[in-house]
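> A single structure is presented below for examination.
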Amino acid sequence: MKGKICLALDVSSRKEAMDLVRPLRDLTGMFKVGMQLFTAEGPSLIREIIGVGGKVFLDLKFHDIPNTVAGAVRAAVRLGAWMVNVHAAGGRAMMRAAREAAQDEAVRSGRSVPILIAVTMLTSLGEDDLPAIGMAGPIADQVARLAALVQESGLDGVVASPQEVQLIRRRCGARFAIVTPGIRGRDDERGDQTRTMSAAEALASGSTYLVVGRPIIAAADPRGAAERMAAECRAIRTP
């Protein structure tokens, strides 16, 4: 389903990435570049993906003092990123600085303002992990509180696990973007992510975009896997 599935390029080289982008860009259209691939290949890969018609979700999870994050967001805008994320735990001032920087740099550089979202809680975390990082209460409560803070700070949406989508949708409304990782095929193991769903389930719950990696890139036939997942999604009635 083009426009909903964002392929996570969780690979280690430019060749591996472009071997996925070229045959799948007409099917997915959106590609997530995270820390591993960006560290290995740098900004030129982002330009190459955009150059062949792909949209890039730059998944670097900026989390620093407001001025530093604002500078990073400006660089992402100049690079042509379609979507950029920060960590909600960086707080209101940091997120507002990111929003202002994105808007200002888009005007300065003649680029489009990227979709700016914030990570709530990593999908690798479970309830038992919260005390060790100084948090109390259910993960759902933390996600809801952070999602509300993100919305108050003027960002476009959040990254959240499939299991919190309905909660966020109720709290933040229909226009708030929810980007959902932790997507698995029907028969896939969860791996290092604990809060997962199938693509169809997440879309039915109210996800805006689905970030899908291993179920497609680890398949013997990545295009076939993407086509099957897209077909499952097309059969779902979204909220």
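> Inside the stretch 37-77, can you point out the residues that are within 22 Å of P23 (Cβ to Cβ), assigned to a helix (DSSP H, G or I) and in contact with a Phe, Trp or Tyr (Cβ under 9 Å, 6 or more places away or on another chain)?
Listed by number, the residues that qualify are L45, I46, I49, I50.
> If you take the residues in the stretch 31-48 that are touching a helix residue (DSSP H, G or I) at 6+ places or on another chain (Cβ under 8 Å) and surrounded by 19 or more Cβ atoms within 10 Å (Cβ to Cβ), which one is nearest to R74 (Cα to Cα)?
That would be I46.
> Kindly indicate the residue of the stretch 150-185 that is of a type in the set (A, V, I, L, M) and assigned to a loop (DSSP other than H, G, I, E, B) and also farthest from the chain's Cα centre (by Cα) among those meeting that condition. Steps first, answer last, please.
If we filter the stretch 150-185 for residues that are of a type in the set (A, V, I, L, M), which is where we start, we get 150, 155, 158-160, 165, 167-168, 174, 177-179, 183.
When the remaining residues are screened for being assigned to a loop (DSSP other than H, G, I, E, B), the result is 155, 160, 174.
Values: L155: 14, A160: 9, A174: 18 Å.
Result: A174.
> Condition check: crowded, with 19+ Cβ neighbours inside 10 Å, of a type outside the set (A, V, I, L, M, F, W, C), within 16 Å of the chain's Cα centre (by Cα) and within 21 Å of L210 (Cβ to Cβ). Does K55 satisfy that?
yes
> Something else now. Contact list please: Cβ distance under 6 Å, first residue in the stretch 89-116 and assigned to a helix (DSSP H, G or I), second residue basic (K, R), pairs at least six apart or on different chains.
These pairs meet every condition: A101/R74; E105/R74; S109/R78.
Yes/no matrix, rows are residues, columns are (1) at pLDDT below 95; (2) under 15 Å from I115 (Cα atoms); (3) in contact with a helix residue (DSSP H, G or I) (Cβ under 6 Å, 6 or more places away or on another chain):
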{"site": "P66", "(1), (2), (3)": "no, no, yes"}
{"site": "V73", "(1), (2), (3)": "no, yes, yes"}
{"site": "V77", "(1), (2), (3)": "no, yes, yes"}
{"site": "A81", "(1), (2), (3)": "no, yes, no"}
{"site": "V86", "(1), (2), (3)": "no, yes, yes"}
{"site": "R96", "(1), (2), (3)": "no, yes, no"}
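> Here's a follow-up. Note down all Cβ pairs under 6 Å where the first residue falls in the stretch 36-50 and is touching a residue at least 24 places away in the same chain (Cβ under 8 Å), the second is buried (at least 16 other Cβ atoms within 10 Å of the Cβ) and not aliphatic (A, V, I, L, M), and they're at least six residues apart or on different chains.
Partner pairs satisfying both residue conditions: E41/R14; L45/R14; I49/F31; I50/G80.
> Got a number for residues in the stretch 99-149 being modelled with pLDDT of 90 or more, under 17 Å from the mean Cα position of the chain (by Cα) and farther than 20 Å from V56 by Cβ?
4
> Turning to a different aspect of this structure: Quick check: is even one residue across the stretch 199-217 at pLDDT 95 or above, of a type in the set (D, E, K, R) and at negative phi?
no
> Go through A132, A88, A98, A148 for me and flag whichever is closer than 22 Å to P43 by Cβ and either in contact with a strand residue (DSSP E or B) (Cβ under 8 Å, 6 or more places away or on another chain) or not charged (D, E, K, R) (or both). Outline the logic, then answer.
Values: A132 fails: closer than 22 Å to P43 by Cβ; A88 fails: closer than 22 Å to P43 by Cβ; A148 fails: closer than 22 Å to P43 by Cβ.
Being closer than 22 Å to P43 by Cβ and either in contact with a strand residue (DSSP E or B) (Cβ under 8 Å, 6 or more places away or on another chain) or not charged (D, E, K, R) (or both) holds for just one of A132, A88, A98, A148, which is A98.
> Moving on to the next point. From the list E152, E164, E189, E232, which one is among the acidic types (D, E) and at pLDDT 95 or above? Steps first, please.
Values: E164 fails: at pLDDT 95 or above; E189 fails: at pLDDT 95 or above; E232 fails: at pLDDT 95 or above.
Residue meeting the stated conditions: E152.
The values are calculated or read from the model by the stated rules, or taken from the named source; none is laboratory data. What you see is a predicted model, and the numbers here were worked out from it, not measured in a lab. So basically every Cβ, Gly included, is an ideal-geometry build from the backbone, and we count neighbours across all protein chains shown.
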